[in-house]
Amino acid sequence: MNPYTKILVVEDESTSSKLMTYHLKMMGFKNIIEVTDGNTALEQLKKEKADLVIADWHMPNMNGLNLFRVLREEELWQDIPFLMVTVEKDHQKVQEAIQAGVREYIVKPIKGETFKRKVLELLGVKEI
């Protein structure tokens, strides 16, 4: 595992953002950038491409699902692994995300082991 893997955490709720960053740091990652919405995430990605994007679904300005769609439409960002984090449990909404192409998501509250497993899978890391 590369501790300098660039991870972009997109979450408008400070406590959730800090919790995800904490888990990532405990896994050994050092290059973590936190932003509060999809628009800011896109601005950050224009400056520096991330190796992984972890995004909340419900945020102001641009939600996580719309961010995912923009990433998949832009050739430069199509290959960035994406993890959706959400409180969304509505079956129709989950189906909407799956139809859009979201393959990995976690329902809040985040469980450390599940989060770790998903992050490592998305980065292609066997174990740390």
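No lab work stands behind these numbers, since they all come straight from the coordinates. Values in this document were obtained by computation on a predicted structure and should not be read as measured data. Please note: Cβ atoms are built from the backbone with ideal geometry, for glycine as well, and neighbour counts cover all protein chains shown.
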- Item | Residue of Met26, Met62, Met84 that the Gaussian network model of the chain assigns the largest fluctuation, springs spanning Cα pairs under 10 Å | Met26
- Count of lysine pairs in the chain with Cα atoms under 17 Å apart, counting only pairs 8 or more residues apart in sequence or on different chains? 24
- Query: Given springs between every Cα pair under 10 Å in a Gaussian network model of the chain, which of Gly112, Gly64, Gly38 has the largest fluctuation?
  - Reply: Gly112
- Selected from Val87, Val53, Val35 as most flexible by GNM, with the chain as the system and alpha-carbon contacts under 10 Å: Val87
- Taking Cα pairs under 8 Å and at least six residues apart, what relative contact order does the chain come out at, in percent? 24 percent
- Message: Going by amide H atoms built from the backbone, whose H comes under 5 Å of the H on Val85, apart from near neighbours?
- Response: Ala55, Asp56, Trp57, Ile106
- Note on the structure: Extension length gain for Met26 and Tyr4 (0.36 nm per residue less Cα distance), in nm, is 6.6 nm
- Query: Longest span of the chain, sites excluded, free of trypsin sites (Lys or Arg not before Pro) in DSSP loop with at most 10 other C-beta atoms within 10 Å?
  - Reply: 1-88
- Would you mind calculating the gained length between Val107 and Lys47 on full extension (0.36 nm times residue separation, minus the Cα-Cα distance), in nm to one decimal? 18.6 nm
- Based on Cβ point charges of +1 for Lys and Arg and -1 for Asp and Glu, what charge dipole magnitude is obtained for the chain about its Cα centre, in debye rounded to the nearest 20? 440 debye
- Task: Count the net charge of all other residues whose Cβ sits under 10 Å from the Cβ of Val9, scoring Lys and Arg as +1 and Asp and Glu as -1.
- Result: -2
- Query: Quick one: net charge of Lys25's neighbours, Cβ under 13 Å, K/R +1, D/E -1?
  - Reply: +2
- Message: With the crude spin-label approximation of a point 7 Å out along Cα→Cβ, what separation in nm comes out for Val125 versus Asn66?
- Response: 3.2 nm
- Item | Cα radius of gyration and Dmax for the chain (Å) | 13.4, 37
